[in-house]
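Data first, discussion second: the structure below is written as structure tokens.
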Amino acid sequence: MQLKDEIARRRTFAIISHPDAGKTTLTEKLLLFGGAIHIAGAVKSNKIKKTATSDWMEIEKQRGISVATSVMGFDYGDYKINILDTPGHQDFAEDTYRTLTAVDSVIIVVDVAKGVEQQTRRLMEVCRMRNTPVIIFVNKLDREGRDPFDILDELEQELKISVCPLSWPINIGAKFKGVYSIYTHSLDLFTPDKQKVSERVEIDDINDPRIDEAVGEKDAAKLREDIDLIEGVYPEFSRELYLQGKQAPVFFGSALNTFGVKELLDCFVEIAPHPGDVQAQERVVKADEEAFTGFVFKIHANMDPNHRSCIAFVKVCSGTFERNAPYRHVRSDKTLRFASPTAFMAQKKSIVDYAYPGDIVGIPDVGNFKIGDTLTSGELLHYKGLPSFSPEMFKYIENTDPMKSKQLEKGVRQLMDEGVAQLFINQFNNRKIIGTVGQLQFEVIQYRLLHEYGAQCRWEPISLYKACWIESDDKDALEAFKRRKHQFMAVDREGRDVFLADSNYVLQMAQNDFPKIKFHTSSEY
């Protein structure tokens, strides 16, 4: 019975958005309510000296952006909450895509002034592919922005999902007075403060005269008019539709001023799904099965710069994970025991003896793990592969300090294990090529190699259009292709053949000339 109780009280979710919508700030305030931190940090601030808990890497503090997913777990009332704060910048989208395979629901943060942006659309597509339940938090209401009704229309059109407002703002920007909760029929008045929570006015319903006293007759009349319109236009909230990923509840607030966040959190723990069944290649795995199963969705090097250690992040899918118990590593068919599995609070870790479905466990990695690996109590199971997309930018990586070649090699290997970028070795000249989704990743790799491994590198340009993994049932055809294209052939870290096309035309010609060869632009780990 204990396992079922533990599953029922867990909520594992990711916070996703376009850069600068306020995702990391919202994470900080959720931690503040959970008692996990006592002062909320800021992503960029001159007044608040503490940086955000989830942005703990040095480069994140300097740039004021998240470049890696952070995991934070804390208790809130009767619930155990696991938050994954993801990078918003599109150059780190792959880290976010992988994170979305390890969560049960998602909170999308939207800036009230900017509305739905490109990266938000792409992330929503991934949620739609997996039917992940979504809650939307419209942020920065204390700044001038767009009309809330316009925002709702845009959310429906751009994210292709039915929306249902569960709270409603009274004015925005300089005249912002507070939020009325449609879900709990309560009124919260706004006082700008980054550390304290605003006051709540006890009311019976929308017609309570105490609303007029609190916000003035004019604004109270406008609020009642808006609520009437909402009830006439938008469907009633249906938890069933929300859990199917077909309806998105919408909340309004200001994360920086800790406003509207508690309402979001209280409603979230009530309606969000607990960990459920997971589809493996062999069968559907139920969360309340006795036997433990889980998969590695992320690897992070140097969480503690003093120890140069790698940590594999394992999402527990079923059963109970126990410290020091023997578990089967399916890919290598080895039995492994873990003496110091950890629970996370961003960079801070604490050793855990037990973990339950929905929890994220950190396991020290000495080179055993790859992203997508499955761990079980003994059963031969494979959780479906996590996608790795073809990079869009390529550069040669060169060592600038011959005395540090070992450090550079180790650094590149560990950062590639993390999935920060992809490494290809050109078969023609044996040079190493790094492929990324965006320019910023090259800067992050160079920075981390220098500061975490003491290795210096420089980038040299290479003109490539796409990396395609190739395979064929006809061995002779494959060999003939590799001979003809030997200048453009490379191998990835798994030793798989990769064709490096320098233009779309070259790729199309290769596909026409070699019909027996299959070209893939994404590989599954």
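The values are calculated or read from the model by the stated rules, or taken from the named source; none is laboratory data. As the structure is a computational prediction, the values presented were derived from the model and not from experiment. Positions of Cβ are generated from backbone atoms using ideal geometry, with glycine treated the same way; all protein chains shown enter the neighbour counts. When the accessible area is computed, the model is the full protein with side chains, heavy atoms only, and any ligands, DNA or RNA have been set aside. Shrake-Rupley method; radii C 1.70, N 1.55, O 1.52, S 1.80 Å.
If the segment from ASN171 to PHE428 were pulled out straight at 0.36 nm per residue, it would be longer than the present Cα-Cα gap by 86.1 nm. Highest-first packing order for the peptide set 439-450, 507-518 is 439-450, 507-518, based on the mean count of other beta carbon atoms within 10 Å.
Using a 1.4 angstrom probe on heavy atoms only, work out the carbon and sulfur share of the accessible area of region 360-499 in %. Kindly include the intermediate steps, with their values, before the conclusion.
Numbers: 3210 of 6490 Å².
Carbon-and-sulfur percentage of accessible area, whole number: 49.
For HIS520 and THR184 in the same chain, what is the full-extension length gain: residue separation times 0.36 nm, less their Cα-Cα distance, in nm? If you can, show how the numbers build up before the last one.
Details: separation 336, 0.36 × 336 = 120.96 nm, distance 5.04 nm.
Stretched out fully, the HIS520 to THR184 stretch lengthens by 115.9 nm.
What is the extension gain from GLU290 to ARG458, computed as 0.36 nm multiplied by their sequence separation minus the C-alpha to C-alpha distance, in nm to one decimal? Don't jump to the answer; show the numbers that get you there.
Details: separation 168, 0.36 × 168 = 60.48 nm, distance 5.10 nm.
So the chain would gain 55.4 nm between GLU290 and ARG458.
Each of GLU225 and SER503 was given a label point 7 Å from its Cα along the Cα-to-Cβ line. The distance between the two points is 6.1 nm. Using the Cβ-Cβ distance between ARG130 and GLU154 with R0 set to 25 Å, the FRET efficiency from 1/(1 + (r/R0)^6) comes to roughly 0.60.
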